[in-house]
């Protein structure tokens, strides 16, 4: 079987290959965007669930603390007043440290979503496979 190696046939094959490559790259980009958006969505939903659980746990803990301190000082109003002061101190600390809190949260999110994270993991996997394959040779 002889192939036609004329210039026009080679150019048409190259065009077809380039079109296929572009379509594959577009499909890969779509899949990567879909993967990243699903990661972000699951990260946000998980964060909301944990936030709600922590909120209710702290709420009941501080109500119990209010009753406990109220029992110690023989005044429920005094106990809940002291708990309110504790809340105000915590709020003040969060306001003062907001930049470092934002930076920490941003770094955690970017570390989770950064594409080099995927590349490094796949590179380690390839290295491990090569080590295993070299052992069998």
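The values are calculated or read from the model by the stated rules, or taken from the named source; none is laboratory data. Predicted model, so just to flag it, every value in this text is computed and none were measured. Neighbour counts are summed over all protein chains in view; Cβ atoms, including those assigned to glycine, are modelled from backbone coordinates with ideal geometry.
Points to keep in mind about this one:
Residue-wise test of (1) over 18 Å from the mean Cα position of the chain (by Cα); (2) modelled with pLDDT of 90 or more.
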{"site": "81", "(1), (2)": "yes, yes"}
{"site": "87", "(1), (2)": "yes, yes"}
{"site": "92", "(1), (2)": "yes, yes"}
{"site": "96", "(1), (2)": "yes, yes"}
{"site": "102", "(1), (2)": "no, no"}
{"site": "105", "(1), (2)": "no, no"}
{"site": "113", "(1), (2)": "no, no"}
{"site": "119", "(1), (2)": "no, no"}
{"site": "125", "(1), (2)": "yes, no"}
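- Checking residue 24 against (1) without any contact (Cβ under 8 Å) to a residue 24 or more places away in the chain; (2) surrounded by 10 or more Cβ atoms within 10 Å (Cβ to Cβ); (3) over 30 Å from residue 110 (Cβ atoms), the condition it does not meet: (3)
- The set of residues in region 97-109 that are in a helix (DSSP H, G or I) and surrounded by 10 or more Cβ atoms within 10 Å (Cβ to Cβ) comprises 98, 101, 102, 103, 104, 105, 106, 107, 108, 109.
- Cβ separations smaller than 6 Å between residues 6+ apart or across chains give no pair from region 70-97 residues that are on the phi > 0 side of the Ramachandran plot and without any contact (Cβ under 8 Å) to a residue 24 or more places away in the chain to residues that are loosely packed, with under 12 Cβ neighbours inside 10 Å and not in a helix (DSSP H, G or I).
- Test: residue 73 is at pLDDT 90 or above, surrounded by 10 or more Cβ atoms within 10 Å (Cβ to Cβ) and in contact with a helix residue (DSSP H, G or I) (Cβ under 7 Å, 6 or more places away or on another chain): yes
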